[in-house]
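Data first, discussion second: the structure below is written as structure tokens.
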Amino acid sequence: MRLNSSVGAVALLFALIPALGAAEVLVFEDGMRLMRDKTCLGCHQVDRRRVGPAFVDIANRYAPDREVAIPMLVNSIRHGNRGKWSAIPMPAQPHVSEQEALDMTLFILSLQQKPD
């Protein structure tokens, strides 16, 4: 039953996504502060692989389909995942709230590099 309530909360959160404007994305310094405070930088860097993929690589892979990417990335942050980037699993981050995971996701997707 817990999964259903979690899915319901996430679904409600993502129903609001189309209303989000550019002002809702954290500026770079605030995004990096959140990533540092939640220890994301222990495994990820902005522009190069560490233990996990670079934030830019995540953005480049998922930003083109934001509607699907946002709930998937929030779920990956909060509940972990395995096999999406390498054999090394992403551990669950239960200390990250739904709102923080959404802020992180929007920040990461904002790092997408546009092709020249």
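The values are calculated or read from the model by the stated rules, or taken from the named source; none is laboratory data. Every value quoted in this text rests on a predicted model; they were computed, and no experiment measured them. Virtual Cβ from ideal backbone geometry, glycine too; neighbours counted across all protein chains shown. Quick note on the areas: whole protein, heavy atoms, side chains included, nothing else; ligands and nucleic acids left out. Shrake-Rupley method; radii C 1.70, N 1.55, O 1.52, S 1.80 Å.
Points to keep in mind about this one:
- In region 96-116, the residues that are farther than 17 Å from residue 61 by Cα and in a helix (DSSP H, G or I) reach residues that are open to solvent by 10 Å² or more (accessible area, probe 1.4 Å) and modelled with pLDDT of 95 or more with C-beta atoms within less than 8 angstrom, at least six apart or across chains, in these pairs: 98/78; 100/34; 100/38; 101/73; 101/77; 101/78; 101/93; 103/34.
- Applying the set (1) open to solvent by less than 50 Å² (accessible area, probe 1.4 Å); (2) closer than 22 Å to residue 89 by Cβ; (3) at pLDDT below 95; (4) of a type in the set (A, V, I, L, M, F, W, C) to residue 25 leaves exactly one unmet item: (2).
- Boolean, residue 105 is at pLDDT 95 or above, open to solvent by 50 Å² or more (accessible area, probe 1.4 Å) and β-branched (Val, Ile, Thr): no
- Residue list for region 86-96, filter: under 17 Å from residue 34 (Cα atoms) and surrounded by 12 or more Cβ atoms within 10 Å (Cβ to Cβ): 92, 93, 96
- Identity of the residue in region 60-85, in a helix (DSSP H, G or I) and more than 20 Å from residue 98 (Cβ to Cβ), that ends up least open to solvent (accessible area, probe 1.4 Å): 63
- Filter result (among the acidic types (Asp, Glu) and in a helix (DSSP H, G or I)) within region 26-59: 29, 30, 37, 57
- Of all the numbered requirements in (1) open to solvent by 20 Å² or more (accessible area, probe 1.4 Å); (2) in contact with an Asp or Glu (Cβ under 9 Å, 6 or more places away or on another chain), residue 54 misses one, and that requirement is (1).
- Test for residue 49: is it open to solvent by 50 Å² or more (accessible area, probe 1.4 Å) and touching a helix residue (DSSP H, G or I) at 6+ places or on another chain (Cβ under 9 Å): yes
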